[in-house]
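Visitor: Got a structure for you, written out below as structure tokens; questions coming shortly.
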Amino acid sequence: MPKPAERLNRFSEYVFARLAKRVAEVEKRTGRKVLGFGAGSPDIRPSEKYLAAFAAAIQAEKAHLYPGYGATPAFAEALGRWYQKRFGVLLNRDEVVPLLGAKDGTSHLPLALLDDGDEMLIPNPGYPGFSGSLIMYGMKPVYYPLTADCRLNVAAIEPLVTSRTKAIVVNFPSNPTGQVATLEELTAVVAFAKKYNIVLVYDNAYAEIAFDGYRAPSILEIPDAKDVAVEFGSFSKTYSFAGYRMGWMVGNADVCRALLQVKSQIDSGMSLPLQALAVVALTETDLEWHEAMIREYTRRRDIIAQKLKLLGLTFELPRAGLYIWARIPDDAPSSEEFCMKLLEERHILLTPGSAFGSHGERYVRVSICVNIDAIDTYF
Ligand code: MLT
């Protein structure tokens, strides 16, 4: 093979790709299945209603055609109605971009907002999908700290702004920490983005996975947020559609246009059957299925939490999201070594907190979207 690009030396393989290989290797060597609390990959079967709608959509006369580059009118309208009902937010057609999963947005939006060497403010700890692509493109992630309990603190971000700062990424309910944000905190970060004239990229992929009565807000609920903000949403977690790759970006029309321009060079749009499925999911929501899903995740969260205590981990139960963010025992050398020892000795996979940034060291992330029927045989 000819020598690959130098660029490959700048970034490492995505953490969940790396861990999947490690798990496969351990399973092959020992012949025992690993109980994987790694990637947040919802295992619960989607609602039969949605599966039937999807099957029908695939059979439709024009289902196989290229879908065009933006949203179909039906998709944009359905998402608009859903935003109005769920958040009281009005969306225009030019404020909606369908995505091939929210990661499509997080990884490609920098191409629309930043030039070489420009900077994007990224939460630490934060989802690794925010920074990997930036590094790959030769742009610069500037990591901002959160408070001790992983909340937003605009005062700590201000000193990091430079003339090259083009955007800030904010993510609540947070992956990996499960922390949530108040409307006051979101109001402060909108004001911050306006003050420095930068784009506010709000990742709201976990908004619909909430426990104990918690309701997650949209950044677009903040008055005039659309002047600077866009928001990512995802069907992956809410509907257990992770493998279908379906999400959206909504908000500032100029940013939407810019992302569509980038994506027009990269992919050929979200397929028509998937957009038709999205319309059904957004407008004919199977409430019974969604309530059962939340009940099941709550049950798992509580059972997994009891087991984690046996490993000496300390944590707060998350009010939203699909992860428990737990502190490792003081005598553990590092989060990576703690996780690899657990994998080797007990066939349990947790994600090292260091994969989410330097402030994730001494923590592990534990996914709760995992079948735990056999959990007692591992703990
Ligand atoms: C996660 O596990 O953080 C994600 O949901 C899967 C991904 O990396 O995209």
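Visitor: Quick one: which residue in Arg93, Arg86, Arg151 is at pLDDT 95 or above, among the basic types (Lys, Arg), away from the ligand (no atom under 16 Å from the Cβ) and farther than 23 Å from Ala181 by Cβ?
Guide: None of the other options fit; the residue is Arg93.
Visitor: When only residues in the stretch 128-148 that are of a type in the set (Ser, Thr, Tyr) and either within 16 Å of the ligand (Cβ to nearest atom) or touching a residue at least 24 places away in the same chain (Cβ under 8 Å) (or both) count, which is most open to solvent (accessible area, probe 1.4 Å)?
Guide: Taking the candidates together, the pick is Tyr143.
Visitor: Moving to a separate point now. Looking at the stretch 252-306 only, could you name the residues that are farther than 30 Å from Asp224 by Cα and among the polar types (S, T, N, Q)?
Guide: Gln265, Ser268, Ser271, Thr298, Gln306
Visitor: Another question, then. Say whether the condition of being within 16 Å of the ligand (Cβ to nearest atom), under 19 Å from Tyr127 (Cα atoms) and not basic (Lys, Arg) is met by at least one residue in the stretch 290-297. If you could, list the steps in order and put the result at the bottom.
Guide: In the first step, residues of the stretch 290-297 are kept if they are within 16 Å of the ligand (Cβ to nearest atom); the result is 293, 297.
Narrowing further to those that are under 19 Å from Tyr127 (Cα atoms): none.
Within the stretch 290-297, none of the residues are within 16 Å of the ligand (Cβ to nearest atom), under 19 Å from Tyr127 (Cα atoms) and not basic (Lys, Arg).
Visitor: Looking at (1) open to solvent by 10 Å² or more (accessible area, probe 1.4 Å); (2) away from the ligand (no atom under 16 Å from the Cβ), which is the one condition that is false for Pro98?
Guide: Among (1) open to solvent by 10 Å² or more (accessible area, probe 1.4 Å); (2) away from the ligand (no atom under 16 Å from the Cβ), Pro98 violates only (1).
Visitor: Tally the residues that are under 13 Å from Asn252 (Cα atoms) and either assigned to a helix (DSSP H, G or I) or touching a strand residue (DSSP E or B) at 6+ places or on another chain (Cβ under 8 Å) (or both), restricting the search to the stretch 90-108.
Guide: So the first thing to find is which residues in the stretch 90-108 are under 13 Å from Asn252 (Cα atoms), and the list is 90-97.
Now restrict to residues that are either assigned to a helix (DSSP H, G or I) or touching a strand residue (DSSP E or B) at 6+ places or on another chain (Cβ under 8 Å) (or both): 91, 93-97.
Of the residues in that region, 6 qualify.
Visitor: Another one. Identify all residues within the stretch 16-34 that are more than 16 Å from the ligand (Cβ to nearest atom) and either closer than 24 Å to Ala320 by Cβ or open to solvent by 100 Å² or more (accessible area, probe 1.4 Å) (or both); write none if there are none.
Guide: Scanning the stretch 16-34 gives Lys28, Arg29, Lys33.
Visitor: Evaluate the following for Glu13: is it within 16 Å of the ligand (Cβ to nearest atom), open to solvent by 30 Å² or more (accessible area, probe 1.4 Å) and in a loop (DSSP other than H, G, I, E, B)?
Guide: So Glu13 fits the description; yes.
Visitor: Kindly establish whether Leu220 is open to solvent by less than 10 Å² (accessible area, probe 1.4 Å) and either in contact (Cβ under 8 Å) with a residue 40 or more places away in the chain or closer than 21 Å to Gly70 by Cβ (or both).
Guide: Considered against the rule, which asks whether it is open to solvent by less than 10 Å² (accessible area, probe 1.4 Å) and either in contact (Cβ under 8 Å) with a residue 40 or more places away in the chain or closer than 21 Å to Gly70 by Cβ (or both), Leu220 comes out as no.
Visitor: Exactly one condition in (1) open to solvent by less than 30 Å² (accessible area, probe 1.4 Å); (2) within 16 Å of the ligand (Cβ to nearest atom) is not met by Tyr50; state its number.
Guide: (2)
Visitor: With respect to Val199, determine if the residue is closer than 15 Å to Leu100 by Cα and away from the ligand (no atom under 16 Å from the Cβ).
Guide: When the stated conditions are applied, Val199 does not pass them.
Visitor: Please state which of the following conditions Arg164 fails to meet, knowing it meets all the rest: (1) open to solvent by less than 30 Å² (accessible area, probe 1.4 Å); (2) in contact with a strand residue (DSSP E or B) (Cβ under 9 Å, 6 or more places away or on another chain); (3) under 24 Å from Leu111 (Cα atoms).
Guide: The failed condition is (1).
Visitor: Quick one: which helices (runs of 4 or more DSSP H) lie wholly within the stretch 262-346 and hold at least 1 residues that are of a type in the set (Val, Ile, Thr)?
Guide: Per the criteria, 272-283, 287-310.
The values are calculated or read from the model by the stated rules, or taken from the named source; none is laboratory data. Computed from a prediction, not measured in an experiment: that's the story for all the values here. Methodologically, a virtual Cβ is constructed for each residue, glycine included, from the backbone with ideal geometry; neighbour enumeration extends over all protein chains shown. Accessible surface is based on the protein model in full, side chains and every heavy atom, while ligands, DNA and RNA are left aside. Shrake-Rupley method; radii C 1.70, N 1.55, O 1.52, S 1.80 Å.
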